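Each remark here refers to the structure printed beneath this line.
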Amino acid sequence: MDVQIDQIALDDASIQSASLHAKYLEMLTKTKLELKYFESQLDIIYKDKWLYYTGKMDTDRVQQLGWSPDPLNGLKILKSDLEYYFKADGDLQELSSKIDLAKITKETLEEIIGHIRFRSTNIKNIIEWRKFMSGS
């Protein structure tokens, strides 16, 4: 397990900190890139959904996306009510969930990296405590 410090091989644990940092930094970088991608996709699909729900999207594009030709089932709604449709839209919800997951993963990885940075201080404290206990 990555978080455990081997009490006997403190030198190895100290050396391992750099590789752990690199491992989680790579994961964080991938997650940040994924988050940026999802956020850009949300902007695109949000625009498409706006065009779709307001009836301004070309019928060829609607067919290309595989969406129903009548998103509101014959209803006429106010533009101020569009937000309700956006919130209930499955495509937007799915992408928003991916964004939320990526944000949580990013925050978790940032916290893990912070603990890894502090790991060397923990190892130093263990060594100092052992010196103190042995009377050195």
Helix 10-53 sits off the longest principal axis of the Cα atoms of the chain, rounded to the nearest 10 on a 0 to 90 degree scale, by 10 degrees
Mind checking which of I15, I113, I99 has the largest fluctuation in a GNM of the chain, springs on alpha carbons under 10 Å?
I15
q = 0.17, 0.20 Å⁻¹: log10 I(q)/I(0) that the Debye formula gives for the chain, counting C-alpha atoms only:
-0.93, -1.11
The chain, Gaussian network, Cα under 10 Å: of S80, S40, S96, the residue fluctuating most is S80
Expected 222 nm ellipticity per residue - DSSP helices of 4 or more, -39500 (n - 2.57), all of the chain, to 500:
-26500 deg cm²/dmol
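Quick note: the coordinates plus some simple rules give every number you see, no bench work behind them. Worth saying up front: this structure is predicted, and the values here are computed from it rather than measured.
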